[in-house]
Structure formats: structure tokens, C-alpha cells
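These notes concern the structure reproduced below.
Here, each number is a calculation from the coordinates, and none is a lab measurement. Model, not experiment: these values are computed from the prediction. No Cβ is skipped: glycine too gets one built from the backbone with ideal geometry, and neighbour counts run over all protein chains shown.
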Amino acid sequence: MKLLNSDRLSSLLMLFIGAFLFLSGYYLGLPKKSYVNSQDVKKELAGEKKVEKRDDEETKLRQFSQNTSNSNNPYEQNKKPQSWTEGDTTLEELLILAQRESNPIKRSAAFATALGGLNQDNIGLAIKAFENLPMGFENAQEYKMLLFSWAQFDPLAAIKYCNSRASGIGAGFAAAGVIEGWATNDPVAAKNWVEDPNNAGMAKLYNFGLVKGWANRDLAGASEYVMNLEGGDEVAKLVGILTDQHNQRGGFEQASSWADSLPSPKLKEGAFVNLSRNFSRDQPEKVAEWLETHANQKYSAKAFENLGRKWSETDPQSSIDYFSNLPDGKSQEVGIKSSITNWAKKDPLAAGEWLNDRESGPKLDASLAAYANTVALKDGGAAMEWAISISDPKLQQATIKKVGQEWYRQDKESVEAWLPNSGLEETQQKSIRNPPKKSWWQSMHEK
């Protein structure tokens, strides 16, 4: 019996050794391709581990979202937001996870989840997480959420933080974001801070945040504040913020009705510019009908220009027809000029024929210049004939110079042959021969 057991053990041992040698030989004899395949398997396994890690991160975000969804809203007065408890994923960890997210939708959701429960107890963790996130345009949305949330419980500390992370106009824009959040919660306190003489240097910039936040909470109060401001273009832009609020609440009808009721031309201009910019491309007929009763008013000039430019992006013929039927005056002139530019890009032949059918003279000069400058991007020689037909001497010379420089970039030899008999002064010829180099932005804009 002992002998049998010994033989069996010996057999098993030999079998094991044989198997080991076989597998070793098999592995050593593997072709390179098989080895690569084995490396691929390892990579796949590593990838699975990364996926597991990613899933774990997303799980943490979901768990945190569930925890904070039932917590007190920091924007609700009389309620104090809950702090993170021991054992939870910390706010710093959550914000770092959010920074790693490349999907913009998930990234925004992650930051919103994390910062939705920001409070005095955990603001330090948030600041630490933002240390390696540059305060600039590329991260503007993330900082806007941080500063807006922070402003709900300690706006002065948030403003101080802005001044420590940026300087000059950059710090001013960041602080305006704080003031927007502050005004959403306590507009009177925010207003008093903006009006403090110590903050006068950036007060005009701060007003944008103040009015935007205030209008979200109390549109009537924000409107009264803006109406009593003294200033120029910046006040008109503040009126644009109020116009946006009326549009959000009652659409174009409410916003345009409110714009009509504004007491001064300067305020009207701000509202009219805002509405024409926002609606002229998608609802041009509605804007056109509304603006028609305001033709040739100084406050409506930019609005008519916006209408012509944006309407002609989709339907230049309808835009031109509308402006052709307006009463003679500034509104018709700026509308045709802004329309002809886009029409010349789409169909220069049709636009040129339309101009030929119009009576030449000062009223048409601006449109001729716009057409010549547009056509010059493709055919400088043809555009020069249009530039020469302009009746106003100053506008004619400016257009000839611009068209000539564009032509020179395209066909230097033809321009050199044309210049001696052009009748242009030597200084004008010299400027045409030296066209400035275009920036990439100019080149993109011209397409």
C-alpha cells in the first residue's frame, strides 16, 4: 500500500514537472505577435481598472448629489446649509474630481453638485481645490458658480478672494460676479457697497453684476435704480439687462412694450439694441413690424442696422425689400447698407444689379462702399469700379484705398498697371502698394 502511494506521488510529480516544462517551452516559443496580444490583454485589464476607478468617481458624485439634494438650500434665508459629515467625500475631493471631467455637461453638473452646498464651514476646502484652476476665461463658468454661491453667505470675503487671484479689470469682472450673487440675496446691501466711494473706481463695472442679480430678484427695484443713474453707454447696456429679464418673463411682446414706454431716448436705445440683436435673425418680420413705427429716430438707428445685418444673413432679398419701402432717412440708409454686405457675399451679381437700378447719390454712397469692400475680397478689380462711383469724396477715397489694398494682395501686377493712370495722388498710391498684414481674426471674419 505504501509502495502504491509512493508510485502515485512520483507519477503526479512527474506530470507536474512535465506540464511546467511544456508551458515554459510554449511560452518561450511564442511568436512576437502572441506576446503583443498578451500585452494587449494587460492593457485591457488596466483599462478595466481605469473604468472601475472612473465608475467609482461617478458613484461618489451621485452619492454626494443625493446627500446635498436633501440638504438646506443656501439661497433660502432662515435655513442654514448642512456641513459635510465625517466619512463623506470631502468637498475638496469632489471638486478635484469635477476638474478632471472632460465632458462639458458632466463637468458643469459635477461643479454644480459640489458647490450647491457651499457654506462657511467648507469654503476653505473649495478654495484649496481651486488653487490649481487658473482664474481666466477658460474656467469662467466654474468660478462663476463658486463666487455666486460664496456670495450668499460671505460676499466681502469672496470679493477679497477675487482681488487676491487677479488684478485690474480681471479682478473687477470676477468681483462683479460676486455682486450678482450678493444682489440676488440682498440687493440693498450690495448696492450700498457698490456706491461706497472706496469702490468708485470699478463702480460702473460692478453695476452690471448688481443690476443682473437685482433684476432676478426684484425687476421693478432694479429698473428704478437704473432709471436714476447718470451716465452714457454703460447705462444703455444696463437697460439691456433689464430687457433680457422682461423677455424671459413675457417674451418679445412684453419686452418691446416695456422698451416703448421708456422715458428717455438713451434708455430706449439700450432696449432697442438689445431686442434687435436677440430677435432679428430668427424673428425678423416681428422686429421689422415693431421698428417701423420708430423709423428715423436717433435711438432706433442701431436697431435698424442690427435688423438689416441679421435678417440678410438668412433672407437678404426680403431685408432689402423692407428697407427700400421705409421712408427716406437714416433708418433706410443703415438698413440697406447692412443688408447689402451679406447679399454681396451670397449673390454679388444680384446685389450689384439692384444697386445699378437705384438712383446714385449721397443716400446710396454707404451701400456702394459696403458692396465694393465686400466684392473686393474676391475680385478687387471689379470692386474698384464701384468704389470710384461713390459721390462723397471722403468716403470715396477711403473705399478706394481699402479696395486697392485688397486688390494689390490678389494681383499686384494689375494694380501696378492701373495706378499710373488712376488719377490718385502719390501718397494714395503708396498706401495701396503697402497693404497691412491681416490678422487671422480678420481673415476669419471676412469669410
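Extension gain, Lys378-Asp121: 0.36 nm per intervening residue step, less the Cα-Cα distance, totals 86.2 nm. Sorting the Cα pairs of segment 257-382 by distance into bins of 5 Å, from 0 upward, gives 2, 12, 22, 23, 17, 12, 6, 4, 1, 0, 0 percent per bin. The length gained by stretching the chain between Ala398 and Ala157 to full extension, at 0.36 nm per residue less their Cα-Cα distance, is 81.5 nm. Here r is the Cβ-Cβ distance between Glu131 and Asn192 and R0 is 41 Å; the resulting FRET efficiency, rounded to 0.05, is 0.80. Label zone (Leu219, point 7 Å along Cα-to-C-beta; backbone nitrogen cut-off 13 Å) within segment 235-259: 241-259.
Based on Cα contacts under 8 Å between residues 6+ apart, segment 132-212 shows a relative contact order of 29 percent. Normalised Debye scattering of segment 103-230 at q = 0.16 Å⁻¹ gives log10 I(q)/I(0) of -0.77, counting only Cα atoms as equal scatterers and leaving out solvent. The relative contact order of segment 232-385 comes to 16 percent, based on Cα pairs under 8 Å that sit 6 or more residues apart. In a reduced charge model with +1 at each Lys and Arg Cβ and -1 at each Asp and Glu Cβ, segment 368-447 shows a dipole moment near 360 debye about its Cα centre. Ranking of Ser318, Ser339, Ser167, Ser367 by neighbouring Cβ atoms within 10 Å, starting from the fewest: Ser167, Ser318, Ser367, Ser339. Summary of packing: across the peptides 416-422, 283-289, the per-residue average of other C-beta atoms within 10 Å ranks them, highest first, as 283-289, 416-422.
The Cα atoms of segment 376-416 give a gyration tensor whose axes a ≥ b ≥ c have a/c of 1.5 or more with a/b greater than b/c, which makes the shape prolate. Pop the C-beta distance of Phe252 and Asp321 into the FRET formula with R0 = 30 Å and round what comes out to the nearest 0.05. Working from the Cβ atoms, E equals 0.85. Applying the Kirkwood pairwise sum to the alpha-carbon positions of segment 157-215 produces a hydrodynamic radius of 10.9 angstrom.
Check each of the GluC sites (Glu not before Pro) in segment 224-263 and keep only those in coil by DSSP with at most 16 other C-beta atoms within 10 angstrom; list them in order.
The qualifying sites are Glu230.
Once the Cα-Cα distance is subtracted from the 0.36 nm per residue extended length, the Glu234 to Lys106 segment shows a gain of 42.5 nm. Once the convex hull of all Cα atoms in segment 317-447 is built, its volume per residue stands at 111 Å³. Exposure proxy for Glu101, Glu305: other Cβ atoms within 10 Å of each Cβ, ordered fewest to most, give Glu101, Glu305.
Net charge in the neighbourhood of Glu224 (other residues with Cβ under 12 Å of its Cβ; Lys, Arg +1, Asp, Glu -1) is 0.
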